[in-house]
Amino acid sequence: MKSTVEHLSPTRVRITTEVPFEELKPDFDRAYKELAKQVRLPGFRPGKAPAKLLEARIGRGAVLEQVVNEALPARYSEAVTTTEVKPLGQPEIEVTKIEDGEELVFTAEVDVRPEINLPDLSSLTVSVDPIEVTDEDIDKELQTLRARFGTLTGVDRPAQEGDFVSIDLSATVDGEDVPDAKTEGLSHEIGSGQLIEGLDEAIIGLKAGETKVFTTTLVAGEHAGKEAEVTVTVGSVKERELPEPDDEFAQLASEFDTIDELKESLSEQVERYKRIQQAESIRDKTLEALLEQVEIALPESIVQSQVDETVHQAIHGLDHDEAKFAEALAEQGSSREEFDADTRANAEKAVKTQLLMDAIADDLDVQVGQSDLTERLVLMSRQYGIEPQQLLQVLQQNNQLPAMFADVRRGLTVAAVVEAATITDTDGNVIDTSEFFGSGETDTAEEDGAETADEGDDEQAEASVEPDGDTK
């Protein structure tokens, strides 16, 4: 078999493959064997009919068609291997010549990974904000914890911010009632901003049983974007009484005996959360710095595929109703044009990142170990709420294991890039990145397992970052 490659563009090639018929003998043998099981000829047991008689019965053309259709996938894979082409996506295969007994010629057009001039990773410099835990941070966490143990008590006074109220709502547009906007006995925390604009301002100052009318713009339903007159009636007003932040509360809300011990624990939690945030910032800024240094030709079909998938996911839940989708975007203060522009920009960035990570992974010879795959499988199974073995079966059935493998390899590559770069905070202090990005060693599969610091820790595993998306 002989294969040649023609570069149609930096991201697409045409592979022309010539296959002598003698190399197709195993394929013909398999085809005759299958046909013999399907075609019954008088005087021959099933599966024993001679090839010549089978051809006489069904025609040589039908045999050739079956042989070619079954032989093409394997011959294409062989051509990709021998030409060292790195395909992206599925090929467009066309049989251009069949000379019975002589040769089969076919072409395969496919997107390929473009050539990328990789920068010196050690020259990358990234600066992120330092980690600082303030008294305000600790007080905020303590306040949240106190709120969980707070009690609601009815009060006979005007409502104020932070109170919990029971309200009835109704609305009219151009004098006509809006059925979707009518509700009774709705519980609402004043100041949460979870309902319509202007509601909190209207409620503040009202006592139980009092009513107020205000004007707002509706953001949902058939009247979205229109001004409406909304009537709100307060049914009850309750205030939340918080427990005192003392030793007794510490014993109630935690395993600690004193409030000082509880605050120390909250401080450690805040610091840990900020370390995770810092790791995410390190990942994002390192990738941005890397992407700024390279020019990458993007395969349009791969980008478009990601765009189409994003659009499909966005409107699938709306029964692919474009009008409903436009309405939903309007509620978010956006438009279809803005959505499409953002979707394409995000797809281009994702594909560029994937291609770059794959090229760097090849350059560094990044190896994925069994422990890396197991760690990812365990993390994903927790996210989906199923057993790892069950998730593995689902991935196998849907042929998604190669995509998971690629994601894991890219994650290890990100860790290697971060390790090679110089990472400092804005105060000029060098940051030790080993907790979330491992040692950066990629020589053996066993050493690659250090992508996260504490095995089994979900938050750290999530912070051991990978570029989004997948081109596989």
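The values are calculated or read from the model by the stated rules, or taken from the named source; none is laboratory data. Note that the structure is a prediction, hence the values are computed from the model and not measured. Ideal geometry is used to build each Cβ from the backbone, glycine not excepted, and the neighbour counts take in all protein chains shown.
Scan (1) touching a Gly at 6+ places or on another chain (Cβ under 7 Å); (2) modelled with pLDDT under 90 for the single condition residue 111 breaks and write down its number.
It fails just one condition, (2).
Out of the range 161-180, which residues are assigned to a loop (DSSP other than H, G, I, E, B) and under 39 Å from the mean Cα position of the chain (by Cα)? Walk me through how you get there before you give the answer.
The initial filter retains those residues of the range 161-180 that are assigned to a loop (DSSP other than H, G, I, E, B), namely 161-163, 174-175, 178.
If the condition is that a residue be assigned to a loop (DSSP other than H, G, I, E, B) and under 39 Å from the mean Cα position of the chain (by Cα), then 161, 162, 163, 178 are the ones that fit.
Checking the structure you have, find out if any residue of the range 329-344 is crowded, with 18+ Cβ neighbours inside 10 Å and in contact (Cβ under 8 Å) with a residue 12 or more places away in the chain.
First pass over the range 329-344, keeping only residues crowded, with 18+ Cβ neighbours inside 10 Å: 339.
After this cut, where a residue has to be in contact (Cβ under 8 Å) with a residue 12 or more places away in the chain as well, the list is 339.
Within the range 329-344, one or more residues are crowded, with 18+ Cβ neighbours inside 10 Å and in contact (Cβ under 8 Å) with a residue 12 or more places away in the chain.
Report every pair of residues separated by at least 6 positions or lying on different chains whose Cβ atoms are under 6 Å apart, first residue within the range 378-403 and assigned by TED's automatic domain parsing to the domain that holds residue 89, second assigned to a loop (DSSP other than H, G, I, E, B).
none
Which condition number in (1) in contact (Cβ under 8 Å) with a residue 60 or more places away in the chain; (2) in a loop (DSSP other than H, G, I, E, B); (3) out of contact with any Gly (no Cβ under 6 Å at 6 or more places or on another chain) is the one that residue 158 fails?
Just one mismatch for residue 158, condition (3).
Being within 19 Å of residue 279 (Cβ to Cβ) and part of a loop (DSSP other than H, G, I, E, B), is that true of even one residue in the range 409-424?
Within the range 409-424, the subset within 19 Å of residue 279 (Cβ to Cβ) is 410-424.
Then drop every residue that is not part of a loop (DSSP other than H, G, I, E, B), which leaves 421.
Yes, there is a match, as at least one residue in the range 409-424 is within 19 Å of residue 279 (Cβ to Cβ) and part of a loop (DSSP other than H, G, I, E, B).
Check whether at least one residue in the range 331-347 is at pLDDT 90 or above, touching a helix residue (DSSP H, G or I) at 6+ places or on another chain (Cβ under 9 Å) and hydrophobic (A, V, I, L, M, F, W, C), and report yes or no.
Yes, the range 331-347 has at least one match.
Of the residues 294, 270, which is at pLDDT below 95 and over 30 Å from residue 166 (Cα atoms)?
Details: 270 fails: at pLDDT below 95.
Among 294, 270, only 294 is at pLDDT below 95 and over 30 Å from residue 166 (Cα atoms).
Can you find a residue that is assigned to a loop (DSSP other than H, G, I, E, B) and among the basic types (Lys, Arg) anywhere in the range 199-215?
Residues of the range 199-215 that are assigned to a loop (DSSP other than H, G, I, E, B), as a first pass: 204-210.
Add one more test, that the residue is among the basic types (Lys, Arg), and what stays is 207.
Scanning the range 199-215 turns up at least one residue that is assigned to a loop (DSSP other than H, G, I, E, B) and among the basic types (Lys, Arg).
What number of residues within the range 349-375 are more than 14 Å from residue 113 (Cα to Cα), of a type outside the set (A, V, I, L, M) and free of Cβ contacts under 8 Å to residues at least 60 places away in the same chain?
2
If I filter the range 66-125 down to residues being closer than 29 Å to residue 290 by Cα and among the basic types (Lys, Arg), which single residue comes out as surrounded by the fewest Cβ atoms within 10 Å (Cβ to Cβ)? Break it down into steps so the answer makes sense when it comes.
Going residue by residue through the range 66-125, those that are closer than 29 Å to residue 290 by Cα are 84-90, 110-125.
Within this subset, residues satisfying the condition of being among the basic types (Lys, Arg) are 86, 113.
Values: 86: 16, 113: 22.
Ranking the qualifying residues of the range 66-125, first place goes to 86.
List every residue pair whose Cβ atoms sit under 7 Å apart, with the two residues 6 or more apart in sequence or on different chains, where the first one lies in the range 429-445 and is surrounded by 14 or more Cβ atoms within 10 Å (Cβ to Cβ) and the second, anywhere, is at pLDDT 55 or above and in a loop (DSSP other than H, G, I, E, B).
Within 7 Å, the pairs are 442/365; 442/366; 442/367; 445/367; 445/368; 445/369.
Identify all residues within the range 389-412 that are surrounded by 14 or more Cβ atoms within 10 Å (Cβ to Cβ) and over 18 Å from the mean Cα position of the chain (by Cα); write none if there are none.
Of everything in the range 389-412, just one residue is surrounded by 14 or more Cβ atoms within 10 Å (Cβ to Cβ) and over 18 Å from the mean Cα position of the chain (by Cα), namely 392.
Determine whether the range 7-16 contains at least one residue that is aliphatic (A, V, I, L, M), surrounded by 15 or more Cβ atoms within 10 Å (Cβ to Cβ) and either part of a loop (DSSP other than H, G, I, E, B) or at pLDDT 90 or above (or both). Before the answer, list the steps.
Looking only at the range 7-16, we keep the residues that are aliphatic (A, V, I, L, M), and these are 8, 13, 15.
Narrowing the set further to residues that are surrounded by 15 or more Cβ atoms within 10 Å (Cβ to Cβ) leaves 13, 15.
Narrowing the set further to residues that are either part of a loop (DSSP other than H, G, I, E, B) or at pLDDT 90 or above (or both) leaves 13, 15.
Yes, the conditions are met somewhere in the range 7-16.
Counting just the residues of the range 166-205 that are of a type in the set (S, T, N, Q) and either in contact with a Gly (Cβ under 7 Å, 6 or more places away or on another chain) or exposed (fewer than 13 other Cβ atoms within 10 Å of the Cβ) (or both), which one comes out farthest from residue 331 (Cα to Cα)? Before the answer, list the steps.
At the first step, the residues of the range 166-205 found to be of a type in the set (S, T, N, Q) are 166, 170, 172, 183, 187, 192, 194.
Then keep just the ones that are either in contact with a Gly (Cβ under 7 Å, 6 or more places away or on another chain) or exposed (fewer than 13 other Cβ atoms within 10 Å of the Cβ) (or both); that gives 166, 183, 187, 192, 194.
Values: 166: 26, 183: 20, 187: 23, 192: 19, 194: 14 Å.
Looking at the filtered set, the residue picked out is 166.
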